[in-house]
Every structure is written in structure tokens, then in C-alpha cells.
Amino acid sequence: MAARSIASLTVSFGLVSIPVKLYSATEASRAISFNLLHKACGSRLKQQYFCAKEEVPVGREEMAKGYEFAKDQYVMFTPEELKAMEEAGTHTADIVEFVPIESVDPVFFDKAYYLAPDKGGAKPYALLARALHESKRCALGRWAARGKQYIVMIRPVENGDMSGLVMQQLLYAAEVRSIRDIDIPKTEVRDAELKLAQQLIEQQAADRFDPAAYKDEVRERIEAAVQKKVEGQEITLAETAQPAAQVIDLMEALRASLDKKPAKRTAPAASAPAAKPARKSAGKK
């Protein structure tokens with residue numbers, strides 16, 4: 001099934017404007033979610049809001065948004081006041097600088113989007129993608145949408161003979177904690193330990209990351225259990241695996257890891273996508 005564009009915008013740098021289409025790079029719909037039910041009859045439960053002071057249910061028409069500036073003290077805002085503070089959408093991602101790709105720590109990465117050239121944008125799109133790839137740089141800019149302003153990074157991506165652009169939404173500095181906020185004691189590493197650790201890394205090294213080599217085993221278990229329930233079958237609960245015994249001696253653990261050969265990675269065979277579990281419950285057999 002072909003991907004559907006979710007928006008159109010213009011990427012601009014200098015006097016160059018590139019019309020592009022925006023595609024979500026991830027699929028939130030793939031997540032498995034459960035609904036809350038009444039255990040006695042199996043009916044869906046509805047959420048209801050209660051006033052903590054008057055202990056009465058409150059309808060949405062009686063609700064207002066407020067900011068807690070002190071303990072149990074709020075300032076209230078009307079929908080019009082909140083709307084006035086929103087950022088007006090510009091449908092433009094304005095590039096302000098180009099930096100080395102490795103200088104952007106992945107801890108700042110948020111939602112990702114694929115960019116594809118829109119009508120009249122194929123040539124400047126290909127030019128920007130190739131220039132970024134050869135310079136090993138990415139573009140940083142600003143993008144306003146949905147009432148907010150975002151920092152975005154536009155980086156080149158290659159897949160076989162296809163090259164394109166990804167727009168990565170970034171977190172602001174205030175949204176990311178510093179690693180200095182946690183306690184990491186300074187510890188001496190011996191040369192013999194370092195050598196064994198490097199050998200272990202080389203033993204399990206790969207040329208590139210292959211996401212298809214990893215499977216969401218938890219999702220597969222849940223889907224199988226859901227299908228059994230739909231078919232009226234009972235599911236058996238597997239015993240919780242006991243944690244492996246902790247190895248105290250670091251050198252011993254490194255040597256044992258080197259002696260244990262890792263499983264050979266093989267390319268996964270192409271297969272049709274798994275069918276989604278049925279939503280409606282079948283009658284008991």
C-alpha cells in the first residue's frame with residue numbers, strides 16, 4: 001500500500017525554495033492497545049471527570065484549562081487566550097544553518113518524517129540531498145505547525161539506489177536532561193579488560209544496522225494470545241524466566257562471552273504482512 005502524504009510544505013535555504021510532501025516515517029497504528037472493560041459484563045467503560053472539591057461529575061462544557069503556579073493554585077485561560085498564544089503555521093521549514101551530522105546527539109531526536117519532492121521540486125530536492133550527503137552535514141531550521149514551533153533537522157538518507165531526505169523533529173535543550181545530572185563514578189579500566197572487551201565487540205560487529213533482523217517478540221506473543229481468545233481457546237501462561245546468575249569476576253565474564261559464539265545473522269526471508277487479530281469476539285466453540 002502506497003504511503004499517503006499528510007501535508008505539503010516548502011523547504012527554503014538562501015533564495016532556494018523546495019516544495020515537498022510530508023510523510024510520517026513511523027506507524028503509530030501498529031501499536032497494540034487494550035480497552036478498559038467492566039469485568040462483570042465485558043462492556044466498554046467510559047471516562048468521567050469529577051470535581052475534587054464538590055465531588056460531582058463535570059461535563060466538557062464546564063471545563064477550563066489552568067496552569068498550576070503554586071501548590072493547588074491555578075490561573076485559568078480561555079480557549080481564545082490559548083489560541084492567541086499559538087504559533088501561526090507557515091507551511092515552511094526555514095533552514096538557518098548546516099552542521100556536521102555527528103554533532104547532533106540522537107538523544108535530541110523526536111518524531112521523523114520523510115520528505116518527497118512536490119510538483120516542480122525534483123531538481124532542487126535532488127541537489128540538496130546530494131550536497132548534504134557529500135558534505136556529511138545536515139540542515140537545521142524551524143518549522144511551525146499545529147500551533148507550535150519546532151526545531152527540525154533535515155538529513156540525507158540512502159536505501160540502495162534511492163536517495164532522499166528525512167526531516168527529524170528535535171527536542172529543545174530544556175527538554176533534554178544532561179548526563180551530568182546522574183551519578184557516574186570514575187572507574188579505572190585495566191588494559192587486559194579493555195582488550196577483551198574490544199575483541200568481544202569485533203566478534204559481534206556488523207557493517208550496518210539491519211532493522212529487519214530484530215523482531216518484536218512481545219507483539220507476536222500478544223497477537224497469538226488475542227487470536228486464541230477470539231477463537232474461544234484458553235491460553236497457557238508461561239513461567240517467568242529466572243535471571244541468570246550474576247558473574248562477579250569481570251575478566252571471567254569477558255572470556256566466557258568470547259568463548260560463546262554468537263548466532264549467525266541471516267537476512268530475513270520476504271513474507272506477506274501478518275494479519276491483524278480479529279476485533280469481534282467469535283462465539284464459544
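In order along segment 110-120, the phi-based Karplus estimate (6.51 cos²θ - 1.76 cosθ + 1.60, θ = phi - 60°) of 3J(HN,Hα) comes to 10, 5, 10, 10, 8, 10, 10, x, 8, 4, x Hz; Gly and Pro are listed as x.
Between ASP207 and ALA256, full extension at 0.36 nm per residue minus the direct alpha carbon distance yields a gain of 15.2 nm.
For segment 51-122, with equal point scatterers placed on the C-alpha atoms only and solvent neglected, what are the log10 I(q)/I(0) values from the Debye formula at q = 0.22, 0.24 1/Å, to two decimals? Values returned for q = 0.22, 0.24 Å⁻¹ are -1.18, -1.26. Which residues make up the longest stretch of the chain clear of GluC sites (Glu not before Pro) that lie in a DSSP loop with no more than 11 other Cβ atoms within 10 Å, not counting the sites? Between exposed loop sites, the widest span is 56-187. The P(r) of segment 94-230 has a tail past 17 Å containing 75 percent of all C-alpha pairs.
Based on alpha-carbon atoms, the Kirkwood radius and the radius of gyration of segment 1-60 give Rg/Rh equal to 1.31.
Principal semi-axes of the equivalent ellipsoid, √(5λ) from the alpha carbon gyration tensor of the chain, are 38, 36, 27 Å from largest down. Sorted largest first, the spans of the alpha carbon positions of segment 62-163 along the three principal axes are 57, 32, 24 Å. In angstrom, the C-alpha Rg and Dmax of segment 1-114 are 22.4, 66.
Readers should treat all values here as calculations from the given coordinates under stated rules, not as data from a laboratory. Please read all numbers here as calculations on a predicted model, not as lab measurements. Methodologically, a virtual Cβ is constructed for each residue, glycine included, from the backbone with ideal geometry; neighbour enumeration extends over all protein chains shown.
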